[in-house]
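The values are calculated or read from the model by the stated rules, or taken from the named source; none is laboratory data. Source: prediction; values computed, not measured. So basically every Cβ, Gly included, is an ideal-geometry build from the backbone, and we count neighbours across all protein chains shown. Areas reflect the complete protein model, heavy atoms only, side chains present, ligands, DNA and RNA absent. Shrake-Rupley method; radii C 1.70, N 1.55, O 1.52, S 1.80 Å.
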Amino acid sequence: PDSVTTIGEGAFVGNNSLTAINVNADNNYFSSENGVLFNKEKTTLIQYPEGKTETTYTIPSSVTAIGIQAFYECSGLTSVTFEEGSIVKTIGNYAFYACTSLTEIVIPDSVTTIGNYAFLGNNSLTAINVNADNNYFSSENGVLFNKNKTRLIKFPDGKTETTYTIPDSVTEIGDYAFYACSNLKQVTIGDSVESIGNYAFQNCTSLTEIVIPNSVISIGNYAGGLLNRDPSENQTFD
């Protein structure tokens, strides 16, 4: 209704039959477009309903922030694109978590922040590509890095390669970097790597062996664990 001034984080998460979140046109704080929830000015995309039947979606050019859990478990989406002239700066924590049909995403040059676990649980995702003009992030063969490729952020869950050699520029393997990459049988870590993040290789169920070089000085919790732990469980989405 038009009286609503506040909607809490994750208010509509877990509703896989929800096809539309509509807002009264007289509401001064929120708005909707084709059943998708935004703030009033449509600068923040708050929630894309999990039950929408469309397989593709284009984020409007007015959006500067994709909210926390905005596309959480939107399993019907195969493609999410950014409208030409996109000014999106922020992709929130868990933004595309468990979008199990999403195959590829291209991050525009305007993005400065990508939240924790934004692309986790996407077992069909084969590539996370970054516009070459982005000053904060980069990609190589569909793998997501920071700009200067010293931090490997995410190897897409759905990549079909069975072997991967981490580039020599990488000094840090991020948290959940290879989480649930079940096709990988072998990962070669170079002598430049100093830290391996929490849950970095968890649920890499085909991985048979890994050699940790002398350069590594820090290994995170459950870095090679096969525990069936869902990172969205028992956590605060902040």
_Flag if Phe12 is surrounded by 15 or more Cβ atoms within 10 Å (Cβ to Cβ), in a loop (DSSP other than H, G, I, E, B), of a type outside the set (Val, Ile, Thr) and out of contact with any Gly (no Cβ under 8 Å at 6 or more places or on another chain)_ = yes
*asked:* Looking at Thr81, Thr58, can you tell me which residue is out of contact with any Asp or Glu (no Cβ under 9 Å at 6 or more places or on another chain) and modelled with pLDDT of 95 or more?
replied: Thr81
*Would you check if there is a residue in the stretch 127-144 being touching a residue at least 24 places away in the same chain (Cβ under 8 Å), open to solvent by less than 10 Å² (accessible area, probe 1.4 Å), touching a Cys at 6+ places or on another chain (Cβ under 6 Å) and under 16 Å from Ala95 (Cβ atoms)?*
no
_Boolean, Asn122 is touching a residue at least 40 places away in the same chain (Cβ under 8 Å) and either assigned to a loop (DSSP other than H, G, I, E, B) or of a type outside the set (Phe, Trp, Tyr) (or both)_ = no
*Please determine, by comparing only the residues of the stretch 38-47 that are open to solvent by 40 Å² or more (accessible area, probe 1.4 Å) and not hydroxyl-bearing (Ser, Thr, Tyr), which one is nearest to Ala25 (Cα to Cα).*
Lys40
*Name the pairs: first residue in the stretch 11-27 and more than 20 Å from Glu41 (Cα to Cα), second residue of a type in the set (Ser, Thr, Tyr), Cβ to Cβ under 6 Å, at least 6 apart or on different chains?*
Val13/Tyr72
*Which numbered condition trips up Val170, out of (1) modelled with pLDDT of 95 or more; (2) farther than 24 Å from Val111 by Cβ; (3) part of a loop (DSSP other than H, G, I, E, B)?*
(2)
*Please go through the stretch 197-213 and pick out each residue that is among the aliphatic types (A, V, I, L, M) and in contact with a Gly (Cβ under 6 Å, 6 or more places away or on another chain).*
none
*Take the residues of the stretch 15-34 that are surrounded by 17 or more Cβ atoms within 10 Å (Cβ to Cβ) and either aromatic (Phe, Trp, Tyr) or over 20 Å from Ile87 (Cβ atoms) (or both): which is farthest from the chain's Cα centre (by Cα)?*
Val23
_Identity of the residue in the stretch 48-67, among the β-branched types (Val, Ile, Thr) and farther than 16 Å from Ser110 by Cβ, that ends up surrounded by the fewest Cβ atoms within 10 Å (Cβ to Cβ)_ = Thr53
